[in-house]
Amino acid sequence: MPAPDGPTTMNFSDLGLAEPLLRAVRDQGYETPTPIQAQAIPAVLRGGDLMGGAQTGTGKTAGFTLPLLQLLMGRAAPRDARSRIMIRALILTPTRELAAQVEESVRSYGKYLPLKSMVMFGGVGMQPQLDALRRGVDILVATPGRLLDHHQQGTLDLSRVEIFVLDEADRMLDMGFIHDIKKVLAILPPRRQNLLFSATFSDDIKALADRLLERPALIEVARRNADADTVAQTVHPVGRDKKKELLRHLILEGDWHQVLVFMRTKHGANRLTEWLNEHGVTAMAIHGNKSQSARTKALADFKSGELRVLVATDIAARGIDIDQLPHVVNFELPNVPEDYVHRIGRTGRAGASGEAISLVCLDEEGFLHDIEKLVRHPIARRVIAGFEPAAGERAEPIVLGRRMTLGGGGGTGRGGARRDARHRAGDKAAPAPRRDAVAAHAGGDARSRPGPGTGRGDGRTQGGPAKGRGGPDRRGPGASGPARSR
């Protein structure tokens with residue numbers, strides 16, 4: 001497994017891992033740890049808290065999974081009054097797909113150990129999860145919403161958790177999970193080992209770490225918000241109404257067979273998927289409105305190569321881990337610059353090369369300015385004849401939920417690209433912005449950090465329009481009814 005930042009000088013056998021784990025690692029075809037693994041594994045084995053950061057695709061899951069398994073295998077498992085194994089490790093993730101991926105890693109690396117694991121998320125029935133809990137579980141991988149559902153129903157005992165892992169912490173905060181995280185922490189035993197892993201280290205992440213971690217070791221193998229140097233990035237300026245045709249042209253002319261396409265909204269993903277299928281390109285969409293079975297099938301078909309294009313929203317795409325994924329396309333630029341880093345991190349993983357293409361119309365120039373400021377370098381632009389903006393075409397405001405942004409204005413703060421934290425890239429149709437509304441909005445800063453009124457994350461809102469987040473993978477404002485995890 002070559003490391004993106006250059007090969008390390010050690011093998012997994014040098015990290016103090018037990019033979020059953022080394023055997024499982026060899027079965028996966030790995031010999032050399034990535035930088036995050038080489039540093040995190042010994043740090044976790046020492047038993048202290050850890051704050052670890054690395055770019056997406058650098059192997060941070062194995063960085064905490066392998067030492068976690070070793071620590072648990074050397075300790076006696078507590079049992080309840082019915083002699084059932086009690087949960088000793090909790091791994092919290094923001095999305096269903098990431099939870100499933102992490103639990104798969106736990107099973108793969110722990111296949112020669114007598115440890116039991118399970119995954120827990122919403123969108124599926126609770127009974128199989130109840131059955132697994134009754135059989136006893138050492139390691140639980142879960143999304144916050146379904147975890148709290150089980151706790152509220154008295155079907156989950158976390159009183160003996162020894163190790164707590166908060167994975168993809170940056171996405172957790174961006175999705176408004178901070179209140180759920182606090183609730184989970186409140187039901188965990190006070191004495192435990194805490195591991196926080198994140199693809200990026202924002203100031204908010206460090207603030208969370210200050211509350212969660214006690215004298216943690218700090219590992220950061222890439223500067224915060226860095227884009228991977230294994231990914232070739234290109235911007236294609238394009239006319240607003242020519243994006244679909246340009247995407248189809250790139251796929252067919254380039255003979256692309258595995259393309260991950262990003263949209264800001266669920267409805268936009270559905271519309272693009274329908275158009276591609278009507279024009280001879282097989283595609284499926286993956287987002288929060290899709291059933292878990294539909295999401296699982298779409299991922300499986302995409303990984304196997306049966307499906308040419310997978311159209312995804314940002315939140316649903318977390319956890320998509322495909323070896324050698326060659327192409328990522330930003331059909332729409334994200335209005336949050338950090339999401340660009342996460343998107344293009346789906347390709348160029350573990351040292352492999354990849355290509356990230358962004359189709360940028362005039363409306364999105366402000367978003368592009370923000371992204372280039374974040375990654376600290378300009379992104380190469382290449383016009384494809386016949387698809388450039390028409391003469392006289394001008395930037396128009398972009399509607400984000402109940403807010404508007406002058407994405408092409410470049411005049412307010414960070415390129416004019418702003419978001420409302422509670423209505424991020426919403427899917428609900430909005431009326432065309434009035435001139436006076438746009439002018440009034442242009443002078444202000446619509447972007448704010450998620451506050452006490454944000455939704456519950458993983459698909460749930462607290463109820464009431466003031467609390468609904470209306471984001472790309474959210475139920476709408478004021479949603480009610482049973483809670484569902486992402």
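The values are calculated or read from the model by the stated rules, or taken from the named source; none is laboratory data. Predicted model only: the values in this text are computed from it and were never measured. A quick note on method: Cβ atoms are made from the backbone with ideal geometry, for glycine too, and the neighbour counts reach across all protein chains shown.
A few points about this structure:
- Filtered residues of region 108-128 (kept if buried (at least 16 other Cβ atoms within 10 Å of the Cβ) and modelled with pLDDT under 95): F121, G122, G123, V124
- Residue satisfying all of: in region 185-210; in a loop (DSSP other than H, G, I, E, B) and among the hydroxyl-bearing types (S, T, Y); surrounded by the fewest Cβ atoms within 10 Å (Cβ to Cβ) among these: S202
- Scanning region 258-274 for residues that are touching a Lys or Arg at 6+ places or on another chain (Cβ under 8 Å) and touching a residue at least 60 places away in the same chain (Cβ under 8 Å) turns up Q258, V259, L260, F262.
- Restricted to region 19-75, and to residues there that are without any contact (Cβ under 8 Å) to a residue 60 or more places away in the chain and among the β-branched types (V, I, T), the residue that is nearest to R107 (Cα to Cα) is T65.
- Residue satisfying condition, being of a type in the set (V, I, T) and either out of contact with any helix residue (DSSP H, G or I) (no Cβ under 9 Å at 6 or more places or on another chain) or in a helix (DSSP H, G or I) (or both), within set T58, T65: T65
- Exclusive hit being under 19 Å from A380 (Cβ atoms), of a type in the set (V, I, T) and at pLDDT 90 or above, set I357, I344: I357
- Qualifying residue in region 317-330 (condition: surrounded by fewer than 24 Cβ atoms within 10 Å (Cβ to Cβ), β-branched (V, I, T) and at pLDDT below 90): yes
- Residue within region 175-184 that is surrounded by fewer than 22 Cβ atoms within 10 Å (Cβ to Cβ), without any contact (Cβ under 8 Å) to a residue 60 or more places away in the chain and either small (G, A, S) or within 30 Å of G74 (Cβ to Cβ) (or both) present: no
- Tally of residues being aliphatic (A, V, I, L, M), at pLDDT 85 or above, in a loop (DSSP other than H, G, I, E, B) and over 25 Å from the mean Cα position of the chain (by Cα) across region 376-406: 6
- All conditions in (1) at pLDDT below 95; (2) assigned to a helix (DSSP H, G or I) hold for G6, with the sole exception of (2).
- Output for region 72-90, where each listed residue is in contact with an Asp or Glu (Cβ under 8 Å, 6 or more places away or on another chain) and either of a type in the set (A, V, I, L, M) or surrounded by fewer than 17 Cβ atoms within 10 Å (Cβ to Cβ) (or both): L72, R75, A77, D80, I85, M86, I87, A89
- Looking across region 203-256 at every residue that is closer than 25 Å to P94 by Cβ and touching a helix residue (DSSP H, G or I) at 6+ places or on another chain (Cβ under 6 Å), the one that is modelled with the lowest pLDDT is identified as N225.
- Every pair of residues 6+ apart whose Cβ atoms lie under 6 Å, when the first sits in region 135-149 and is closer than 15 Å to L98 by Cα and in the same structural domain as E104 (by TED's automatic domain parsing) while the second is at pLDDT 95 or above and in a loop (DSSP other than H, G, I, E, B): L140/I87
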